[in-house]
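Novice: Mind looking over this structure? Questions follow.
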Amino acid sequence: MTIAINFHKAKYTLSAPSIRECPPEEGIEVAFAGRSNAGKSSAINTLTNNHKLARVSKTPGRTQLINFFELSATQRLVDLPGYGYAKVSREQKEQWQRYLSEYLRERQCLKGLVLLMDIRHPLQEFDTTMLNWATESNMAVHILLTKADKLSRGQAGSALMAVKKEIKNAGLADLVSVQTFSSLKNTGVDDLKAKLQGWLAPESDEQSETEELPEPQ
Ligand SMILES: Nc1nc2c(ncn2[C@@H]2O[C@H](COP(=O)(O)OP(=O)(O)OP(=O)(O)O)[C@@H](O)[C@H]2O)c(=O)[nH]1
Ligand SMILES: [Mg+2]
């Protein structure tokens, strides 16, 4: 028996400028990454049904810190800084990339990466770098093709197939899954929840079954 995660109970805990300021390596963490404006903060708000939780902005590059949201004492969601925004200095871009690389490679409690890409422009520069960084260390990646509401159902299906094919051709199908998603229309939320449940759920479920046994007479 698994214990269902109450995503709506997510609470903001802290913002860290670098890995050194992140919370202690306890429990399990799942991070949301993607190009600036891909819809990371919106997806976290949709998932948690709390539209005030992560800041959403029409100005790309809004999330510049590593933002932590706690689901329980041992389960966290992480909103990572967006990359690929053209209007920041080269030094700033390089610094974010160093932080992202450091976080992905060194964070021991990171169980999986949700990689968000606008469904109209998937697998752009640096998306594949992130994918490679994660999979090189055997980390599972779940790709969300976001803003699916911007395409017809048929076009969205074709985009999904095309990304799945690329993942398969890259030999990454064992570690990487893909789905379409829309925060605006609330589509794909259950699939995302199921994936996160698998990553974040407590490992031992035998104990809870034992607890449910009737008391001996
Ligand atoms: N149509 C549509 N727009 C969306 C969707 N998700 C996000 N947006 C819009 O896209 C813009 C960026 O969304 P954010 O969630 O702030 O994106 P982000 O990835 O967190 O961006 P940074 O923090 O800059 O990295 C906002 O104007 C959102 O309203 C979606 O599913 N459909
Ligand atoms: Mg954001």
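Novice: What part of the accessible area of the chain, given as a whole %, is carbon or sulfur when the probe is 1.4 angstrom?
Specialist: With neighbouring chains kept in place, the figure for the chain is 47 percent.
Novice: Let me ask something else. For the stretch 78-86, what does the Karplus curve 6.51 cos²θ - 1.76 cosθ + 1.60, with θ = phi - 60°, yield as ³J(HN,Hα) per residue in whole Hz, taken in order and with x for Gly and Pro?
Specialist: So the Karplus estimates, Gly and Pro as x, are 10, 9, 8, x, x, 10, x, 6, 5 Hz.
Novice: Related question: Provide the convex hull volume over Cα atoms per residue for the chain, in Å³.
Specialist: 137
Novice: Same structure again: Show me 128-138, 112-122 ranked by packing, highest mean number of other Cβ atoms within 10 Å first.
Specialist: By packing density, highest mean first, the sequence is 112-122, 128-138.
Novice: Looking at the stretch 91-212, I'd like the Rg to Rh ratio, where Rg is from alpha-carbon atoms and Rh is Kirkwood's inverse mean 1/r.
Specialist: 1.03
Novice: Taking a probe of 1.4 Å, how large is the accessible area per residue of the stretch 7-203, in Å²?
Specialist: Accessible surface, normalised per residue, equals 51 Å².
Novice: Related question: Given the -39500 (n - 2.57) contribution per DSSP H run of 4+ residues, what per-residue ellipticity at 222 nm results for the chain, rounded to the nearest 500 deg cm²/dmol?
Specialist: One gets -10000 deg cm²/dmol as the mean residue ellipticity at 222 nm.
Novice: Could you list, in their original order, any pairs among Lys9/Lys40; Lys93/Lys147; Lys93/Lys195; Lys164/Lys195; Lys147/Lys195; Lys52/Lys147 whose Cα atoms are separated by more than 23 Å?
Specialist: Checking Cα-Cα distances, Lys93/Lys147; Lys93/Lys195 exceed 23 Å.
The values are calculated or read from the model by the stated rules, or taken from the named source; none is laboratory data. Bear in mind that the values here come from a model prediction, so they are computed numbers and not experimental data. All Cβ positions, even for glycine, are placed from backbone atoms using ideal geometry, and neighbour counts span all protein chains on display. For the accessible areas, the whole protein counts, side chains as well, though only heavy atoms, and no ligand, DNA or RNA atoms are used. Shrake-Rupley method; radii C 1.70, N 1.55, O 1.52, S 1.80 Å.
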